[in-house]
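Please treat every number below as a calculation from the coordinates, not as lab data. From a predicted model like this one, the values you see are computed outputs, not experimental measurements. Every residue, glycine as well, gets a Cβ built from its backbone with ideal geometry; the counts of neighbours run over all protein chains shown.
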Amino acid sequence: MSFDYDLFVIGGGSGGVRAARIAAGEYGARVALAEEYRMGGTCVIRGCVPKKLMVYASSVPTMAEEARGYGWSTEVGRFDWQAFRAKLEAELNRLEAIYRKGQTGAGVTVHDQRATVIGPHEVRLADGTEISAKHILVAVGDVPFVPEFEGREHVLTSNDMFKLDALPRRLLIVGGGYIAVEFACIMEGLGVQVTVWNRSPLMRYFDRECADLVTEQMQARGIATRIGVTVDRVRKTAEGLAVTGGESTETFDAVLYATGRVPNTKGLGLDAAGIKLAVNGAVMVDDWSQTNVPSIYAVGDVTDRIALTPVAIREGHAFADTVFGARPRRMDHDLVPSAVFTRPEFGTCGLTEEIARAQEEIEVYATSFRPMRSSFAGSPDKVLMKLVVSKATRKVLGCHIVAPDAGEMIQLAAIAMKMGATKEQFDATCAVHPTMAEELVTLRKPVR
Ligand code: NDP
């Protein structure tokens, strides 16, 4: 049977573009890709990249504060959101063009429209064109989830945050995961009065001690937090958005919902094509990212495994190697490090103290201190370095860091952990002095 293409990729985000580029560019497959919005997907267009640039923008007042602590006379002046937003848009246009060129340069045919699955080897584009392919890769990502309540049409999601006409004066953020706490710190840094409401403690799935320290420092910067509350309704009034949760009502200029994301499979034709979906709409795949329909694969957030860009990229690459490169490879989802870009940052890899303790006997090594840099500047900021160690094997099961640039540190600690390093091997590594990270190799006695 002959097909129009060897591979048709639906979705031009991190996982899709990597799979398409490797399949076409390295293995010579005939590949087409459809993207209904902008090339680059969530990470590049409305996620990691613009978020990190906003993190940089929002950290300037802290840098100025620190500069004064070091003897400089400096004022930051006024933040010009419009100027920043225009520059951000130009940067995203530049990156989008690079992503597009990466595809066309590798020989991938790009369709700038929505595609839906109509059979095991067939897709239909929004303009009605039907295309056949030996393999189909679903890489459509996920979308923000907003629960049902009265007035939900008034709230924003993370998609809207990069395109605001103006910064709100008072912002309520609902949620307590990555997106909620990152935007809380960004917006506070940009001068917005921020309140966070969540039904449970912030960063519930993270190491508790670390999550608590990040929360404390957010509060110390003036971010108000209210835990154990859900929103009953949002009403538009002359003063702003009146938000009612439980007994109380407070008024804000904007409300950001960051209550998780759901797989973007609605209307994609997957169930009609016989593909098994989970209750939340995620495409169910095996270790090879293959669905129950053998010609159809899925990678990235749409599979609801680990919703992180580097994971989607690796899943897409492993798929291309396996199917087109005759190099069978599975993505290893164990010990995936990540960072939450709060202020200070929070880097994490492996098991939390709570989960490790439920599994086996452990020792916990931890130290919390005011680092030299902020201490000299007169800032009360604290850092926390923590290792969770197996008593039986001595392996470092978890490493958690709350500190400036913790994202950079955890990347390196994760290499050692991936190699199966023991606590004694951490200790055998000579310290780099004076740094914060040296504490990871000088933790002598367990604290618990
Ligand atoms: P998360 O799953 O991290 O957090 C969702 C939050 O919303 C939780 O606090 C949860 O509470 C709360 N919540 C969920 N459902 C409801 C509901 N019905 N009513 C009220 N509250 C609710 O989702 P995010 O949206 O923050 O992020 C999505 C994903 O994106 C992350 O999991 C992560 O994989 C990825 N991401 C990664 C980043 C990074 O690597 N730096 C940055 C941003 C996103 P509870 O704790 O009680 O469940």
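Mind sorting PHE8, PHE3 by how few other Cβ atoms lie within 10 Å of their own Cβ, fewest first? Going from least to most buried by this count: PHE3, PHE8. When peptides 302-313, 50-61, 434-445 are ranked by their average number of other Cβ atoms within 10 Å per residue, the highest-first order is 302-313, 50-61, 434-445. With just the Cα atoms defining each centre, how far is region 344-366 from region 245-275? Give it in Å. Their Cα centres are 30 Å away from one another.
Ranked for footprinting exposure by Cβ neighbours inside 10 Å, fewest first, SER14, SER295 give SER295, SER14. Site pair ARG226 and ALA166 shows an inter-label distance of 2.5 nm when each label is modelled 7 Å from Cα along Cα→Cβ. Applying a DSSP loop filter and a limit of 16 other Cβ atoms within 10 Å to the GluC sites (Glu not before Pro) in region 245-339 leaves GLU247. Rounded to the nearest 20 debye, the dipole magnitude of the chain is 420 debye, with +1 charges on Lys and Arg beta carbons, -1 on Asp and Glu beta carbons, and the Cα centre as origin. To the nearest Å, what is the center-to-center distance of region 59-121 and region 317-331, using C-alpha atoms only? The two parts, judged by their Cα centres, are 30 Å apart. Bridging of LYS382 to aspartates and glutamates at a Cα separation below 15 Å is possible for GLU66, GLU209, ASP212, GLU216, GLU345, ASP405, GLU439, once same-chain residues fewer than 8 apart are set aside. In summary, the lysines within cross-link reach of LYS386, defined as a Cα separation below 30 angstrom excluding same-chain residues under 8 places away, comprise LYS51, LYS52, LYS395, LYS418, LYS423, LYS445.
What is the sum of charges, Lys and Arg at +1 and Asp and Glu at -1, for the other residues whose Cβ falls under 13 Å from the Cβ of ARG204? So the surrounding residues net to -1. Each label was represented as a point 7 Å from its Cα along the Cα-to-Cβ direction; for PHE145 and GLU354 these points are 1.8 nm apart. Alpha carbon centre of region 387-424 versus region 172-199: separation in Å? What the calculation gives is 28 Å, centre to centre. Using 0.36 nm per residue and subtracting the Cα-Cα separation, the extra length available between SER73 and THR429 on full extension is 124.1 nm.
Counting every pair of alpha carbons in the chain, the share spaced more than 35 Å apart comes to 38 percent. Counting only DSSP H runs of at least 4 residues, each contributing -39500 (n - 2.57), and dividing by the residue count of the chain, the helix-based mean residue ellipticity at 222 nm comes to -9000 deg cm²/dmol.
Most simply put, the chain has about 60% antiparallel DSSP beta bridges, counting only bridges with both residues inside it. Exceedance of the 31 Å cut-off in Cα-Cα distance is limited, within the set LYS101/LYS134; LYS163/LYS236; LYS87/LYS276, to LYS87/LYS276.
Remark: C-alpha extents of region 248-323 on the principal axes read 54, 30, 16 Å, sorted largest to smallest. A DSSP coil position with no more than 10 other Cβ atoms inside 10 Å describes the following trypsin sites (Lys or Arg not before Pro) in region 200-280: LYS266. Arranged from fewest to most other beta-carbon atoms within 10 Å of their beta carbon, SER200, SER379 become SER200, SER379.
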